[in-house]
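To start, the structure itself, in structure tokens.
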Amino acid sequence: PTIDIAEVGAGGGSIAWMDGGGALQVGPRSAGADPGPVCYAKGGSAPTVTDANLLLGYLNPQTLVGGDLALDRNGAETALAQLAANLGIEAGDNDGQAVTDTAYGIHLIANARMMRALSAVSSERGLDPARFAMLAFGGNGAVHACGLAESLGILRVVVPPAAGLFS
């Protein structure tokens, strides 16, 4: 017996940046785990998918790694504010709106990258993804899995207890 596995990801360390045309991009460069995302407060300076997910409220800053890794929300916010300014995203009347909009854009781009890969893997094999379960792994896997599963009609998402260590 075998298991056919296709790994698809835009990891939490994927760096968000502005391309030459002024558009928001995510990856393929990564901050990795060391120094990691800005919110790890280990020297990272480029905004990442994890920083965006923290600011969107998808990650609890007190409970990551069983509470052993406190996340620096202010650092993430500063990094995304700089990116928002570079992109020309206006804050309007709400100072935090430009940062929230930028964070949400990063989240959507990461999802789109994963969706494109998932669709390619399933269609090239002539498979309907709705017939399968999705296994979420990686530090941000569970944050993105349900939205991806819903888009593909997948009814079951499996998140292992130590999903961040799985990959």
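Some observations on this one:
- Scan of the stretch 127-162 for residues that are surrounded by fewer than 18 Cβ atoms within 10 Å (Cβ to Cβ) and of a type in the set (S, T, N, Q), ordered by number: Ser151
- Count of the stretch 19-69 residues which are more than 16 Å from Ala110 (Cα to Cα), in contact (Cβ under 8 Å) with a residue 24 or more places away in the chain and either of a type in the set (Phe, Trp, Tyr) or surrounded by fewer than 11 Cβ atoms within 10 Å (Cβ to Cβ) (or both): 2
- The listed residues are Ala81, Ala120, Ala70, and the only one of them that is modelled with pLDDT of 90 or more and aliphatic (A, V, I, L, M) turns out to be Ala81.
- Any hit, the stretch 103-110, residues being assigned to a loop (DSSP other than H, G, I, E, B) and surrounded by 13 or more Cβ atoms within 10 Å (Cβ to Cβ): no
- Close pairs from the stretch 150-167: first modelled with pLDDT of 85 or more, partner of a type in the set (S, T, N, Q), Cβ under 9 Å, at least 6 apart: Ser151/Asn111; Leu152/Ser119; Leu152/Ser122
- Selection status of Ile5, out of contact with any His (no Cβ under 9 Å at 6 or more places or on another chain), modelled with pLDDT of 85 or more and in a loop (DSSP other than H, G, I, E, B): no
The values are calculated or read from the model by the stated rules, or taken from the named source; none is laboratory data. Quick caveat, the model's predicted, so the values are computed rather than measured. Glycine gets a Cβ as well: all are built from the backbone with ideal geometry, and neighbour counts include every protein chain shown.
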